[in-house]
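Structure record follows, encoded as structure tokens.
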Amino acid sequence: MKAASASMSGRALARQPAAGAAQYGRPGGSSGSGNGSSSGGSFAASAAAAASQDAAQLQRRLADLQELLREAAQIALATGPRGIARSAQAAAALLSVARDQAQRLQAGQPPEAPPVVLRKLFERLGATYIKLGQFIASSPTLFPEEYVLEFQKCLDATEPVPFEVIRRTIESDLGLSLEDVFVSVDSAPLATASIAQVHAAVLRGSNKDVVIKVLKPGVEDVLTTDLNFLYLSSRLLEWVSPDLARTSLSAIVGDIRTSMLDEVDFTKEAQHLAQFAGYLDRGGLRRVATCPGVYRQFSSKRVMVMDRLRGVPLTDLDAVRSITTVEPELVLINALNTWFGSVVGCETFHADVHAGNLLVLPDGRVGFIDFGIVGRISQVTWRAVEALLLATGTGDYETMAKALMTIGATSQEVNIKAFAADLEKLFNSLQAIDTELIVQAGAGGGVSASVAADDAAVNRFLLDLVRVGENNGIRFPREFALLIKQMLYFDRYNRILAPSLRVFEDRRINLRQVDVDFDLS
């Protein structure tokens, strides 16, 4: 883009002397030969420079095109015939959605809004696009608000794959029969989603309770084909319209491709679990938190066998009280300190700490499960986030504004006082969010508590934060939104388990050290 701008500037400068010569040059034909020669020489030099820049720009664009074609050829060879079949499936999904909209028109109804149509298309396209929709829903710093809100409805629940198909995948990857490895395997899945399903089992020899996470057949091929197509399309769009390079379109799609392909490679998730386990062991944190151990000898890219953790969700207050003698407030404090410490003390941090992924175990420990989505953050960014959190606790909005300015990208002078005033209004609205507890009759006459504010409320706040930032000339990176989203989850747990706990004022909660002194007493 810099080269293109320079070339345009060169051509503009080349035209200016010519116009000047026609308008002002050699009045009356007197003593102007020297000036004319000088003007002509200047014009010729400028024109030559412009021509040279144009030639260089053309060479660069041709080189970019050749690189794009090479990459496309490599991807096409790697994809093979499955790309043709997938294209046919995509065309069928597109026609299906188009028919729906045509039927609405025939019934005298207007077509649905573009975000709704796109979300329905994504759901019919299957695994890749469902995961892409979830990425959009969790990335308010990258995508328009109406799409972020609509894609929160993107459904990830799918029909389970027949157990015999799952059996074949396990036995093919492990090179052993199911009976050689397990005493029993429950044929009904514990959970099923677009890319994988989970089955309970008992390990032969040790009789340990385990779970088997199995990639659904064909998912990897579909994801690879779809994501390669999206990536090449973004590269081609940038080549056709170089201005799009400013949006980092292909870089964003490339990051999405890497992130989503990591999710279907269970060796990566096993690595994330090992990193977190190492962090727990180094910090002596096993007495307050844990994660599943992975049986590497029985795991592969498509199959992962892990210890089964039995517990209750962190949002079920009555269940927490019934399963452990440890006070819910201490359970929450230990969960907070463990997670905060992992952000800087571990290679990656758990980036999906919704209630289903944090379990309270009978001994009072917090079990962190499902490390398919993780984040990474630099020490510098974390220090700015740390200042933000401490400022949040004290209501120091100017410090908060300065911290956010450090995290985000800005191309203009930021009015700190105006930004601070906007943040104060936003955070006051957060306190006003309706988090009234829903109390239902539970087993044994107890109560089960959850929070009315769900993921939509969390994402609503993130969207508002992004909007306030942009209004003040600041754009936040996706990693920041991912980090803040986890903190909002913990804010909800705070309201359920320990509503009187002041997280940023309580000395038991430590944002500044990785090795924290925990207390279960």
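Data overview
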item: Residue check for residue 318: under 21 Å from residue 190 (Cα atoms) and either of a type outside the set (S, T, N, Q) or within 24 Å of the chain's Cα centre (by Cα) (or both); result: no
item: Test: residue 342 is among the polar types (S, T, N, Q) and under 30 Å from residue 424 (Cβ atoms); result: no
item: Condition met for residue 321 (outside the structural domain of residue 420 (by the TED database), in a helix (DSSP H, G or I) and open to solvent by 40 Å² or more (accessible area, probe 1.4 Å)); result: yes
item: Qualifying position, being of a type in the set (Ser, Thr, Tyr) and surrounded by 15 or more Cβ atoms within 10 Å (Cβ to Cβ), among 187, 194; result: 194
item: Odd one out for residue 130 among (1) open to solvent by less than 40 Å² (accessible area, probe 1.4 Å); (2) modelled with pLDDT of 95 or more; result: (2)
item: Options 135, 122: the member that is aromatic (Phe, Trp, Tyr), free of Cβ contacts under 8 Å to residues at least 60 places away in the same chain and open to solvent by less than 30 Å² (accessible area, probe 1.4 Å); result: 122
item: Residues satisfying the stated conditions in the range 287-323, i.e. free of Cβ contacts under 8 Å to residues at least 60 places away in the same chain and touching a Phe, Trp or Tyr at 6+ places or on another chain (Cβ under 8 Å); result: 299
item: Complete set of residues in the range 466-480 that are under 11 Å from the mean Cα position of the chain (by Cα) and surrounded by fewer than 21 Cβ atoms within 10 Å (Cβ to Cβ); result: 477, 478, 479
item: Only listed residue being under 17 Å from residue 479 (Cα atoms) and at pLDDT 80 or above, chosen from 262, 281, 255; result: 262
item: Condition check for residue 438: β-branched (Val, Ile, Thr) and either within 24 Å of the chain's Cα centre (by Cα) or modelled with pLDDT of 85 or more (or both); result: no
item: Residue list for the range 471-521, filter: of a type in the set (Asp, Glu) and at pLDDT 80 or above; result: 491, 506
item: Answer residue from the range 201-216, given it is surrounded by fewer than 16 Cβ atoms within 10 Å (Cβ to Cβ) and touching a residue at least 40 places away in the same chain (Cβ under 8 Å) and is farthest from residue 255 (Cα to Cα) among those; result: 208
item: So residue 177, is it open to solvent by 60 Å² or more (accessible area, probe 1.4 Å) and of a type in the set (Gly, Ala, Ser); result: no
item: Of all residues making up the range 263-286, the number that are in contact (Cβ under 8 Å) with a residue 24 or more places away in the chain, touching a helix residue (DSSP H, G or I) at 6+ places or on another chain (Cβ under 6 Å) and under 23 Å from residue 220 (Cβ atoms); result: 1
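The rows are residues; the columns are (1) surrounded by fewer than 23 Cβ atoms within 10 Å (Cβ to Cβ); (2) modelled with pLDDT of 85 or more; (3) in a helix (DSSP H, G or I); (4) outside the structural domain of residue 491 (by the TED database).
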{"residue": "334", "(1), (2), (3), (4)": "no, yes, yes, yes"}
{"residue": "362", "(1), (2), (3), (4)": "yes, yes, no, yes"}
{"residue": "367", "(1), (2), (3), (4)": "yes, yes, no, yes"}
{"residue": "381", "(1), (2), (3), (4)": "yes, no, yes, no"}
{"residue": "384", "(1), (2), (3), (4)": "yes, no, yes, no"}
{"residue": "387", "(1), (2), (3), (4)": "yes, no, yes, no"}
{"residue": "390", "(1), (2), (3), (4)": "yes, no, yes, no"}
{"residue": "404", "(1), (2), (3), (4)": "no, no, yes, no"}
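The values are calculated or read from the model by the stated rules, or taken from the named source; none is laboratory data. Every value quoted in this text rests on a predicted model; they were computed, and no experiment measured them. Note: ideal-geometry Cβ built from the backbone for every residue, glycine included; neighbour counts use all protein chains shown. Keep in mind that these areas ignore ligands, DNA and RNA; they rest on the heavy atoms of the full protein, side chains included. Shrake-Rupley method; radii C 1.70, N 1.55, O 1.52, S 1.80 Å.
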